[in-house]
1. Restricting to lysine pairs 8 or more places apart or on different chains, what number in the chain have Cα atoms under 25 Å apart?
2. In a shell of Cβ-Cβ distance under 12 Å around Arg248, excluding Arg248 itself, what net charge do Lys and Arg (+1) and Asp and Glu (-1) give?
3. Would you please classify the overall shape of region 139-265 from the alpha carbon gyration tensor, given that a ≥ b ≥ c denote the square roots of the eigenvalues, rounded means a/c under 1.5, and beyond that prolate means a/b larger than b/c while oblate covers the rest?
4. Rounded, prolate or oblate: which fits region 1-107 when a ≥ b ≥ c are the square roots of the eigenvalues of the alpha-carbon gyration tensor, with rounded for a/c under 1.5 and prolate only if a/b beats b/c?
5. What whole-number distance in Å separates the alpha-carbon centres of region 40-82 and region 188-242?
6. Please work out how much length the chain gains when fully extended from Val62 to His24, using 0.36 nm per residue of separation minus the C-alpha to C-alpha distance, in nm with one decimal.
7. Would you compute the Debye intensity of region 222-265 from its alpha-carbon atoms alone, equal scatterers and no solvent, and pass along log10 I(q)/I(0) at q = 0.13, 0.19, 0.26 Å⁻¹ to two decimals?
8. Between the DSSP loop rule and a limit of at most 13 other Cβ atoms within 10 Å, which chymotrypsin sites (Phe, Trp or Tyr not before Pro) in region 182-265 are left?
Amino acid sequence: MAGSKAADGSDSLLSIARLTLRIHAHCVLRDVTMAVGRGEIAAVVGESGCGKSTLLRAIIGVLPDGGIIDGGAISFCGTELLDAAAYVRSDLMGRDIAVLFQDPGAYLNPIRRIGAQFSDYLKAHGAGRDWRETAIAALRRESLEDPEKIMEAYPFQLSGGMRQRAATAMTLSLAPKLLLVDEPTSALDVIASRSLLDRLKRMAREQRCSIVFVTHNMDAAAYVADTIYIMQSGRFVEHGRAEDVLHRPSHPYTRVLLDAVPYLT
């Protein structure tokens, strides 16, 4: 897939070409193609069950039970991920490619302190003696007060929002080149959601991090995305620059999603 271009015409950091994936006999992804440039936020929007999260799992190589890739290719910085050896994928995951799951706070170990979990995560990806400073700086970037105290806390001692931000800080602490985000605002209140979306926009702008943002929320996609891909039943039925998809949709399903956005009257 050398030469794949992002929406702005630049060489892509992530390229997916004609990806087809089935789970047992059911085709979940059909001929999916996308390209994401450096510092670009690409939103994948569709209703629940359309294949959005499965696409992220295909990128990181963690398929559902019975999942088989029938064709296509996935390239990251010139490395063909589907053909890569396990150790190559392992080296990329966490440091260069990170995943922010839905409700990331739920992934914290409830019987280990936040600092111990940061230590494990950072040292597993090559951090040295300064891992603690890296962790505290990451917590501060998520607007968590008194990060030293949070490092000594257990997850159950934090509020739900604080757990979410602590887990987010851990995921983003190594400044990945590619961030895969799966419904990140679903467990957050309105203010915390806006704060997280602003954080993603800063990462893309200041760190040139590329972001694939999976959501069913067209409003969130409109706020954060440079490019929007509309997924229906495992296919992209429309994609383009965000302003074009939002204001000049060409596919009926896109119009259905836009009409479903609630407005205050």
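1. Close lysine pairs found across the chain: 8.
2. -1
3. Because a/c hits 1.5 or more and a/b exceeds b/c, region 139-265 counts as prolate.
4. rounded
5. What the calculation gives is 16 Å, centre to centre.
6. Gain in length upon complete extension: 12.1 nm.
7. Those come out to -0.27, -0.57, -0.97, one per q.
8. Sites meeting the loop and neighbour criteria: Tyr263.
Only the coordinates and a few stated rules stand behind these numbers; no lab work does. None of the values given here were measured: they were computed from a predicted structure. Reconstructed Cβ throughout: ideal geometry from the backbone, glycine too, with neighbour counts over all protein chains shown.
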